Amino acid sequence: FVDPLLFAGYRVVAFDQPAHGESDGTKTNLLEIAPAMDLIAQQEGSFHAIIAHSFGTLITSYALVNQSFPPPARLVYFGAFNRLMDSLSRFQVLAQLPDEIIEGLRGMIYQNFGQDVLESITNEFLTPQINIPSLMFHDAADNVTPVEDSRAIARVWKNAQLIETEGLGH
């Protein structure tokens, strides 16, 4: 999707989140990544639009509500991720982990962040606070982030339009 944007005259800025892709580090979290959007805006200038995918949609929503960079004119979300709590349950099933491991992980999260980030940071809570025209795409057969995540967000986010796709996956 980058080439058509470049052809239309837009400049595209992409970044690897800390501990992702080519970036340094071995671990990171949403609360560390969100401030990076401020830094990118300072270095690169304001955003015309933000395109985010999966967990990046939650990071973007959190940053738009809690950081100080100028808001973009538009948002595009692909395979939007809704709740951290749900991801923990999905991870448990995927990795076939016992309840004790997940409870220990949940306890570490509470201890490290001093707040209940698993239940309080959700796209359902954040997106109604974002007054930006937004377009969401989500594949009906997404096997990583269920389409119901985007449906739940679209029900509460009046500025968003959800388009469900088929055959594109995550």
Task: Conditions (1) touching a Leu at 6+ places or on another chain (Cβ under 9 Å); (2) modelled with pLDDT of 85 or more: number failed by GLN67 - done: (1)
Task: Number of the condition not met by GLY107 [criteria: (1) surrounded by 13 or more Cβ atoms within 10 Å (Cβ to Cβ); (2) modelled with pLDDT under 90; (3) more than 28 Å from ARG155 (Cα to Cα)] - done: (1)
Open item on the list: So, in the stretch 133-170, exactly how many residues are in a loop (DSSP other than H, G, I, E, B), crowded, with 16+ Cβ neighbours inside 10 Å and touching a strand residue (DSSP E or B) at 6+ places or on another chain (Cβ under 8 Å)?
Closed with: 2
TODO: Consider only pairs whose beta carbons are under 8 Å apart and that are at least six residues apart or on different chains; among these, list those whose first residue lies in the stretch 154-167 and is within 21 Å of ALA73 (Cα to Cα) and whose second residue is assigned to a loop (DSSP other than H, G, I, E, B) and among the aliphatic types (A, V, I, L, M).
DONE: TRP157/ILE130; ASN159/ILE130; ASN159/ILE132
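Per-residue answers, yes or no, for (1) over 24 Å from ILE51 (Cα atoms); (2) part of a helix (DSSP H, G or I); (3) of a type outside the set (Val, Ile, Thr):
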| position | (1), (2), (3) |
| --- | --- |
| PHE69 | no, no, yes |
| VAL76 | no, no, no |
| ALA80 | no, no, yes |
| SER89 | yes, yes, yes |
| LEU105 | yes, yes, yes |
| ASN112 | yes, yes, yes |
| GLU119 | yes, yes, yes |
| GLU124 | no, yes, yes |
Task: Filtered residue count, the stretch 38-59, keeping only those that are in a loop (DSSP other than H, G, I, E, B) and of a type outside the set (S, T, N, Q) - done: 3
TODO: Within the stretch 40-91, work out how many residues are of a type in the set (Asp, Glu) and either within 22 Å of ARG155 (Cβ to Cβ) or free of Cβ contacts under 8 Å to residues at least 24 places away in the same chain (or both).
DONE: 1
- [ ] Kindly indicate whether TYR62 is under 17 Å from the mean Cα position of the chain (by Cα), among the aromatic types (Phe, Trp, Tyr) and assigned to a strand (DSSP E or B).
- [x] no
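The values are calculated or read from the model by the stated rules, or taken from the named source; none is laboratory data. Values in this document were obtained by computation on a predicted structure and should not be read as measured data. No Cβ is skipped: glycine too gets one built from the backbone with ideal geometry, and neighbour counts run over all protein chains shown.
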